[in-house]
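S.K.: The following block contains the structure, expressed as structure tokens.
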Amino acid sequence: MADTVATYPRIVAVVETPTGGTVSIDGRTTPVAGPDEQGVRKEIHALVTATAMELHRPVRLTTRDALGEQQFAVHPDGRMEPLSLLDETAAVPPTLPAAVEEPTGAAPASAAPTPAATPQPMTRAEARRPTLDDLLQSRPPAPLGPATMGWQGTVRRLTGGLVSPRPSEFELSHRSAIERVQRSLRGPRTVVVINPKGGAHKTTATLLLAATFGTHRGGSTLAWDNNETRGTLGWRAQPARHQNTAVDLLRDLDRFNDVRNAKVGDLDNYTRSQGSTQFDVLASDEDAAASSTIDARAFNELHATLSRFYRVIVVDTGNNMRASNWEAAVAAADQLVIVSTLREDTAASAAWLVDGLYEKGHEAKIREAVTVLASPTKVPDPQLHTRLHSHFNSLTRAVLDVPHDPALVDGGTLNFDALTAETREAWLQVTATVADGL
């Protein structure tokens, strides 16, 4: 077995709670969730098996749970074989692998266990020859590039590279965040920004998330105002030559459902390109005299079509969490982002929202949600800041702060270049944390 189970990638699975855990592949962590502990183990098993299938060879899985630490060889067909932590070729006492459910009809836990057959060593004929993929996977990590930021970057430039200090921790964190935003996704992903109170920073958060995704992923990102009547996302976006909205796209949706003739360029007549930030905006209805609304059916139809043309969709939501299109957006979300300003009333609205989503059965999505706290002033209330971090850290996967920025105060058209470097960096870290959940 030692000759057939590769050292790379390094895969570590941790069952943290009865309904949640993580899988880390070469240092990149993916959260997993399930209705119970067995469901979590099945999700872990599926992720690791998919990795083995991609590599066309068995991979080594280290599991950590209440039983301690164990190692398994996971094959592309899903089979798992135990490995000793001390000796890769030694047999270990038969235990239920961390990600495999017991077969149907198995004896109850109280019954005497049936001894498991000791895995037989592979014959030479069964051993698989190493391939190009194996050689590529064995490569060491790429070397660090030269420092470009801070005094380290200044020294390198002034000396023409003769003195080249190591990049600072800040720059390494910055690079890591960009890599996390840029990494490949398993299909189109939907991020939904929520807080049922007006003025909670939802539209600003939607635009800045989309701008950061678009800037670092090179496009294929949409910011969508999913308001049942009128929202302000279209007003905050860079203007287009047309005033078409989601209502117009819904009316003409059949032309995009014809897969033989549908073209992504035709969406330009409905969305609004945001220039160098490389994302599009789909506005909600802006006609003051109109009586049309977007309901759950309309949202689902639009979402199904737009997911064929965009890799990342960031959805701005309205203030009515009982509206059917609001509920449809939450149901479609791969990642929820709970946004609040550092104010008592806005934070209370966010907490009430979380309570309501728990009652509606969205507990797993809340646990994996990201909370963003926006400062409404240059110096936020430190006591309130501590209370909110404590409250939402106990409910959601991460809580991050974004600073007050004068360029956002007037609520006008977003100019990404006008934001301070501190604001752009804060939203890069927020977007990277959101991407971790995709």
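S.K.: Where the second residue is part of a loop (DSSP other than H, G, I, E, B) and modelled with pLDDT of 85 or more and the first is closer than 16 Å to residue 303 by Cα and lies in the stretch 258-271, which pairs have Cβ atoms under 7 Å and are six or more apart or on separate chains?
M.R.: What qualifies is 264/309; 267/309; 270/244.
S.K.: Restricting attention to helices (runs of 4 or more DSSP H) lying wholly within the stretch 128-223, give those where 3 or more residues are among the charged types (D, E, K, R) and within 24 Å of the chain's Cα centre (by Cα).
M.R.: The helices (runs of 4 or more DSSP H) meeting that bar are 169-182.
S.K.: Give the stretch 297-346 a look and list any residue that's surrounded by 24 or more Cβ atoms within 10 Å (Cβ to Cβ) and of a type in the set (Gly, Ala, Ser), or say none.
M.R.: Answer for the stretch 297-346, where residues must be surrounded by 24 or more Cβ atoms within 10 Å (Cβ to Cβ) and of a type in the set (Gly, Ala, Ser): 329, 340.
S.K.: As an exercise: evaluate residue 302 against (1) within 30 Å of residue 261 (Cβ to Cβ); (2) touching a strand residue (DSSP E or B) at 6+ places or on another chain (Cβ under 6 Å) and give the number of the one condition it does not meet.
M.R.: Residue 302 satisfies all of (1) within 30 Å of residue 261 (Cβ to Cβ); (2) touching a strand residue (DSSP E or B) at 6+ places or on another chain (Cβ under 6 Å) except (2).
S.K.: For residue 438, indicate whether it is out of contact with any Ser or Thr (no Cβ under 7 Å at 6 or more places or on another chain) and surrounded by 16 or more Cβ atoms within 10 Å (Cβ to Cβ). Steps first, please.
M.R.: Values: out of contact with any Ser or Thr (no Cβ under 7 Å at 6 or more places or on another chain): yes; surrounded by 16 or more Cβ atoms within 10 Å (Cβ to Cβ): yes.
When the stated conditions are applied, residue 438 passes them.
S.K.: Additional query: For the stretch 352-374, check the following and say yes or no: at least one residue is over 23 Å from residue 317 (Cβ atoms) and crowded, with 17+ Cβ neighbours inside 10 Å.
M.R.: Step one: of the stretch 352-374, the residues over 23 Å from residue 317 (Cβ atoms) are none.
Scanning the stretch 352-374, I find no residue that is over 23 Å from residue 317 (Cβ atoms) and crowded, with 17+ Cβ neighbours inside 10 Å, so the answer is no.
Per-residue answers, yes or no, for (1) surrounded by fewer than 22 Cβ atoms within 10 Å (Cβ to Cβ); (2) more than 29 Å from residue 370 (Cα to Cα); (3) of a type in the set (Lys, Arg):
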site: 217; (1), (2), (3): yes, no, yes
site: 275; (1), (2), (3): yes, no, no
site: 280; (1), (2), (3): no, no, no
site: 283; (1), (2), (3): no, no, no
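S.K.: Please go through the stretch 3-28 and pick out each residue that is within 19 Å of the chain's Cα centre (by Cα), modelled with pLDDT under 80 and of a type in the set (Ser, Thr, Tyr).
M.R.: The one that is within 19 Å of the chain's Cα centre (by Cα), modelled with pLDDT under 80 and of a type in the set (Ser, Thr, Tyr): 19.
S.K.: Buried (at least 16 other Cβ atoms within 10 Å of the Cβ) and not in a helix (DSSP H, G or I) - does that describe any residue in the stretch 420-433?
M.R.: Restricting attention to the stretch 420-433, the residues satisfying the condition of being buried (at least 16 other Cβ atoms within 10 Å of the Cβ) are 423-433.
Among the residues that remain, those that are also not in a helix (DSSP H, G or I) are: none.
Looking through the stretch 420-433, none of the residues is buried (at least 16 other Cβ atoms within 10 Å of the Cβ) and not in a helix (DSSP H, G or I).
Residue by residue, here is whether (1) assigned by TED's automatic domain parsing to the domain that holds residue 354; (2) surrounded by 12 or more Cβ atoms within 10 Å (Cβ to Cβ); (3) under 30 Å from residue 318 (Cβ atoms); (4) in contact (Cβ under 8 Å) with a residue 24 or more places away in the chain holds:
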| site | (1), (2), (3), (4) |
| --- | --- |
| 156 | no, yes, no, no |
| 162 | no, no, no, no |
| 168 | no, yes, no, no |
| 188 | yes, yes, yes, yes |
| 196 | yes, yes, yes, yes |
| 202 | yes, yes, yes, yes |
| 209 | yes, yes, yes, yes |
| 212 | yes, yes, yes, yes |
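S.K.: Out of (1) surrounded by 18 or more Cβ atoms within 10 Å (Cβ to Cβ); (2) modelled with pLDDT under 90; (3) in contact with a Gly (Cβ under 6 Å, 6 or more places away or on another chain), what's the single condition that is false for residue 233?
M.R.: Residue 233 satisfies all of (1) surrounded by 18 or more Cβ atoms within 10 Å (Cβ to Cβ); (2) modelled with pLDDT under 90; (3) in contact with a Gly (Cβ under 6 Å, 6 or more places away or on another chain) except (3).
S.K.: Next up: Run residue 269 past the list (1) surrounded by fewer than 18 Cβ atoms within 10 Å (Cβ to Cβ); (2) under 25 Å from the mean Cα position of the chain (by Cα) and report the number of the one that doesn't hold.
M.R.: It is condition (2) that residue 269 fails.
S.K.: Go through the stretch 21-65 and give me each residue that's surrounded by 23 or more Cβ atoms within 10 Å (Cβ to Cβ) and either within 20 Å of residue 398 (Cβ to Cβ) or assigned by TED's automatic domain parsing to the domain that holds residue 368 (or both).
M.R.: 21, 23, 32, 40
Matching residues to (1) touching a residue at least 24 places away in the same chain (Cβ under 8 Å); (2) over 15 Å from residue 350 (Cα atoms):
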position: 372; (1), (2): yes, no
position: 376; (1), (2): yes, yes
position: 381; (1), (2): yes, yes
position: 395; (1), (2): yes, no
position: 409; (1), (2): no, yes
position: 414; (1), (2): yes, yes
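S.K.: Please verify whether residue 179 is farther than 22 Å from residue 282 by Cα, in contact with a helix residue (DSSP H, G or I) (Cβ under 9 Å, 6 or more places away or on another chain) and modelled with pLDDT of 85 or more, treating the condition exactly as stated.
M.R.: yes
S.K.: Yes or no: residue 298 closer than 30 Å to residue 418 by Cα, modelled with pLDDT under 95 and aliphatic (A, V, I, L, M)?
M.R.: Details: closer than 30 Å to residue 418 by Cα: no; modelled with pLDDT under 95: yes; aliphatic (A, V, I, L, M): yes.
No: the conditions fail for residue 298.
S.K.: Here are 205, 223: which of them is farther than 21 Å from residue 301 by Cβ and small (Gly, Ala, Ser)? Quick ask: steps written out before the conclusion?
M.R.: Values: 223 fails: farther than 21 Å from residue 301 by Cβ.
Of 205, 223, the one residue that is farther than 21 Å from residue 301 by Cβ and small (Gly, Ala, Ser) is 205.
S.K.: Taking the stretch 373-402 on its own, how many of its residues are farther than 29 Å from residue 37 by Cα and either in a helix (DSSP H, G or I) or in contact with a strand residue (DSSP E or B) (Cβ under 8 Å, 6 or more places away or on another chain) (or both)?
M.R.: We begin by selecting, within the stretch 373-402, every residue farther than 29 Å from residue 37 by Cα; these are 373-388, 401-402.
Subset that is either in a helix (DSSP H, G or I) or in contact with a strand residue (DSSP E or B) (Cβ under 8 Å, 6 or more places away or on another chain) (or both): 373-376, 382-388, 401-402.
Of the residues in that region, 13 qualify.
S.K.: Also: For the stretch 289-340, which positions are in contact (Cβ under 8 Å) with a residue 60 or more places away in the chain and acidic (Asp, Glu)?
M.R.: Matches in the stretch 289-340: 295, 316, 334.
Listed here are the residues, each with its yes/no results for (1) among the aliphatic types (A, V, I, L, M); (2) over 30 Å from residue 58 (Cα atoms).
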| residue | (1), (2) |
| --- | --- |
| 130 | no, no |
| 139 | no, no |
| 154 | no, yes |
| 157 | no, yes |
| 166 | no, yes |
| 172 | yes, yes |
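S.K.: Within the stretch 334-363, how many residues turn out to be under 14 Å from the mean Cα position of the chain (by Cα) and farther than 14 Å from residue 205 by Cβ?
M.R.: Here the count works out to 1.
The values are calculated or read from the model by the stated rules, or taken from the named source; none is laboratory data. Keep in mind it's a predicted model, so treat the numbers as computed, not measured. Heads up, the Cβs are rebuilt from the backbone with ideal geometry, glycines too, and the neighbour counts pull from every protein chain shown.
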